[in-house]
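Report on one structure; see the data block that follows.
The values are calculated or read from the model by the stated rules, or taken from the named source; none is laboratory data. All figures in this text were calculated on a predicted structure; none of them were measured in a lab. Neighbour counts are summed over all protein chains in view; Cβ atoms, including those assigned to glycine, are modelled from backbone coordinates with ideal geometry.
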Amino acid sequence: MFEMLYGFDAIVSGLLFLCWGISAILVRRLPFQVKRKKFLLILKFLLLAIIAAEFFVILKVAIVMINGIGLGWEFAENMTVGSLTFLIPVSFFTAVYFLPRIARTIRNNGTDVIQQEERKITADQFVQIPIRFLAVVSFASLFIAFVPLVDPMAPKVTLLFGFYVASILYLYTQNRRLTRALEHSQMLVWPRFSITRFSLIALSIVIGSGALFFTAKEESKLPGVIAMSHEISGHTEHSVSVTELKGLPLGVPDRRITLRAEKKQVTLSSGTTIEAWTFNGELPGPEIQVRQGEVLEVKLINKDIEDGVSIHWHGVNVPNAMDGVAGVTQDAVQPGETFIYKFRADQAGTFWYHSHQQSSKQVRKGLFGSLIIEPKEKLDTEEEISVVYHNWETKNGFVPALGLYDTLQKKKIKPGKKVRLRLINADNLPRDFILAGTAFQVVAIDGNNINKPSDLKKTRLSVAGGGRMDVEFIMPDHPVKLIAAGEDFFDTPDVGILFSKDGSSQGVENVNSNKMKNYPVFKPEKYGSPLSTPFDLSSSFDREFKLVFDSVPGFYDGEFHSLYTINGKVFPKTDMLEVEEGDLVKTTFVNRSFMDHPMHLHGHHMLVLSRNGKKVTGSPWWTDTLNVAPGETYEVAFLANNPGIWMDHCHNLDHAEIGMTLHLNYKGVTTPFEIGKDTPNQPE
Ligand code: C2O
Ligand code: CU
């Protein structure tokens, strides 16, 4: 609905500008007319143009109102402040003041000569200025439809209002000249086109916008070194460095693993080869399996990734020193170097790990793998299969695949067995999965169990970029098919897994990614049964933050992009979320942009309180990566119980790379590490 309304708004804004623009040109010409016939003709056109314009004003008001009421004030804010506050009163004034006068003049079929009275009506300042000003406002309105004023609105709104005032002053002085001339003579002379004046105006526009562009480009250049400690206030004698935040002493590890980052050519099931960056030569990296409560030690060795690597344990609330973010909790590990990660695997569930040095590039190239923490009490499932979705970069573009399978994979499973699929989306965009041929249950989201899941069928499971979903089913006598797809490639051949007792596909339900477009999407907020939670919507929060996302064309580090801003800003200018240990924190996400933003908070789990203003009514929905779709609003809460400096960013890593990231900072925590091109660390 959001995208449609915004598109509609852009179209109406265009039509509005067209109608008021034409009206402005016509009304300016009117007093200069000599022949009454032509005068009347123009007047009639003007009448039509104004009526059409007034209609579009009403339409626009309706659209903005529907947006505001349906989606929230944030979705109506830009248009209301920037354009409607002027459009509504001025166009209303024009309708009541000028329209009756035009109508009267047209009806009055007098002589062939224009009456001085008629001319005066059209030269009236209350006619000329409002109509021409409406053209200015609707131009701005069209502009705002594409370049929002964004939060914080104040500076741009001041600029816009200044522009409005300047144009009214200009129109006023011009009109003064017109009416004065009219007082002195019957006839007005259309001002001669002055090439000098025209070129002066054109030149100043070119120079002005060029200068604006250039300064924006220069200003966007990132400093070579960004100290991640720099902004922390409350930097007192009690301050603690992230490097000290290792948690409780752990003793001898239960599980030791070595992950070696190395370049390697890997072949997909279709035969396509990839110049990959791997862990231990495998793609995806080796699956790490531990039991809940065990101490895991991972030795990271960088063989030949020139820019360095790191490992972040996505979704696991490790102590801050183990979080693996280059420039925040450690330096990137250079070729030939090693780094030891050690933590207790306290939460059971489906997780993944990936490099958090140049994450957008390194994850794309393959530096990631699944991390499964088995619960203390063994699951009653007999088959557990990790399904890792990724888009591999090949010579012929991106290829969707589950693990290394870019073709349909076949797996034999005995009927009657309980199967758990651990779906992991290691891609930037939300990905849809569908399981055909059996009823199934979603038993966990982001490693958090769902309370009393119910049976589902013909339902699209949309997994956020970086998110996970665990699905269980009992293997039937006939085959079951898992299909993965995304909106950007509904028409490509199926990527998925065929489960059957004997490897044959006989009797398989015919689904394909094209067909699944019509299946309803799984709604976690209504799924399962409620359970008491440590906090909810009615809790009193120690801190509340609101993060509004916009798409704004602009520069990042000297390059032009469609930026995704958080409260109008991109990193390193984004505000940080400053908390103290023990705080109960509520965060509201509002997505006014046209892309999905899977928001990922490190080191904590967020409890979803509401989606689009509606309370979550199903099982408690805990998440670490929450997809906020265009037009959506979410309220989430978390307990600040894991001191450190934590990233909170969009897990569309391409968005994070151009600044869609901020940090959750605990008061008194500092870091010796730095980010920037003059340091070894580029976390995104
Ligand atoms: Cu999966 Cu900040 O990362
Ligand atoms: Cu994003």
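Things worth noting here:
- The set of residues in the range 566-596 being touching a Pro at 6+ places or on another chain (Cβ under 9 Å), touching a residue at least 60 places away in the same chain (Cβ under 8 Å) and within 12 Å of ligand 2 (Cβ to nearest atom) consists of Phe594, Met595, Asp596.
- Flag for Thr173 being in a helix (DSSP H, G or I), in the same structural domain as Leu18 (by TED's automatic domain parsing), in contact with an Asp or Glu (Cβ under 8 Å, 6 or more places away or on another chain) and of a type in the set (S, T, N, Q): no
- If the condition is being within 26 Å of Gly568 (Cβ to Cβ) and either in the same structural domain as Phe75 (by TED's automatic domain parsing) or within 16 Å of ligand 1 (Cβ to nearest atom) (or both), then the range 604-626 contributes His604, Met606, Thr623, Asp624, Thr625, Leu626.
- Residue match in the range 541-557 (condition: more than 16 Å from ligand 1 (Cβ to nearest atom), within 30 Å of Asn448 (Cα to Cα) and part of a loop (DSSP other than H, G, I, E, B)): yes
- Within the range 317-338, if we keep just the residues that are in a strand (DSSP E or B) and in contact with a Gly (Cβ under 9 Å, 6 or more places away or on another chain), the residue that is surrounded by the most Cβ atoms within 10 Å (Cβ to Cβ) turns out to be Ala326.
- Scanning the range 645-657 for residues that are surrounded by 22 or more Cβ atoms within 10 Å (Cβ to Cβ) and either within 16 Å of ligand 2 (Cβ to nearest atom) or more than 25 Å from Thr565 (Cβ to Cβ) (or both) returns Met647, Asp648, His649, Cys650, His651, Asn652, Leu653, His655, Ala656, Glu657.
- The set of residues from the range 573-596 being within 16 Å of ligand 1 (Cβ to nearest atom) and outside any strand (DSSP E or B) comprises Thr574, Met576, Asp596.
- Looking across the range 656-672, the residues that are away from ligand 1 (no atom under 12 Å from the Cβ) and either within 22 Å of Val363 (Cα to Cα) or part of a strand (DSSP E or B) (or both) come down to Ile658, Gly659, Asn665, Tyr666, Val669, Thr670.
- Which numbered condition Tyr341 fails, given (1) without any contact (Cβ under 8 Å) to a residue 60 or more places away in the chain; (2) in a loop (DSSP other than H, G, I, E, B); (3) within 16 Å of ligand 1 (Cβ to nearest atom): (2)
- Here Ser529 meets each of (1) closer than 30 Å to Ala656 by Cα; (2) in a loop (DSSP other than H, G, I, E, B); (3) modelled with pLDDT of 95 or more with one exception, condition (1).
- The range 602-625, residues that are surrounded by fewer than 19 Cβ atoms within 10 Å (Cβ to Cβ) and either among the charged types (D, E, K, R) or within 16 Å of ligand 2 (Cβ to nearest atom) (or both): Lys614, Lys615
- Residue identified as surrounded by fewer than 16 Cβ atoms within 10 Å (Cβ to Cβ), touching a strand residue (DSSP E or B) at 6+ places or on another chain (Cβ under 6 Å) and touching a residue at least 24 places away in the same chain (Cβ under 8 Å) among Ser540, Ser505, Ser551, Ser454: Ser505
- Considering (1) without any contact (Cβ under 8 Å) to a residue 60 or more places away in the chain; (2) assigned by TED's automatic domain parsing to the domain that holds Asn512; (3) more than 30 Å from Val480 (Cα to Cα), the lone condition that Phe398 does not fulfil carries the number (3).
- Ala140 vs. criteria within 30 Å of Ser551 (Cβ to Cβ), aliphatic (A, V, I, L, M) and buried (at least 16 other Cβ atoms within 10 Å of the Cβ): yes
- Flag for Lys677 being over 26 Å from Asn78 (Cα atoms) and charged (D, E, K, R): yes
- Glu337 being away from ligand 2 (no atom under 16 Å from the Cβ) and closer than 20 Å to Lys263 by Cα: yes
- Among (1) of a type outside the set (Asp, Glu); (2) in a strand (DSSP E or B); (3) surrounded by fewer than 22 Cβ atoms within 10 Å (Cβ to Cβ); (4) within 16 Å of ligand 1 (Cβ to nearest atom) - the single one Met599 does not satisfy: (3)
- Consider the range 621-655 and keep the residues that are of a type in the set (D, E, K, R) and assigned to a loop (DSSP other than H, G, I, E, B). The one that is farthest from the chain's Cα centre (by Cα) is Asp624.
- Among the conditions (1) modelled with pLDDT under 95; (2) under 12 Å from Ala436 (Cβ atoms), the only one that Phe473 does not satisfy is (1).
- Selected residue [in contact (Cβ under 8 Å) with a residue 24 or more places away in the chain, surrounded by fewer than 23 Cβ atoms within 10 Å (Cβ to Cβ) and more than 29 Å from His605 (Cβ to Cβ)] from Leu408, Leu379: Leu408
- Looking across the range 302-316 at every residue that is in a loop (DSSP other than H, G, I, E, B) and within 24 Å of the chain's Cα centre (by Cα), the one that is surrounded by the fewest Cβ atoms within 10 Å (Cβ to Cβ) is identified as Val316.
- Number of the condition not met by Tyr634 [criteria: (1) surrounded by fewer than 24 Cβ atoms within 10 Å (Cβ to Cβ); (2) in contact with a Ser or Thr (Cβ under 9 Å, 6 or more places away or on another chain); (3) of a type in the set (Ser, Thr, Tyr)]: (1)
- Qualifying positions in the range 64-116 - of a type in the set (Phe, Trp, Tyr) and touching a residue at least 24 places away in the same chain (Cβ under 8 Å): Phe75, Phe86, Phe93, Tyr97, Phe98
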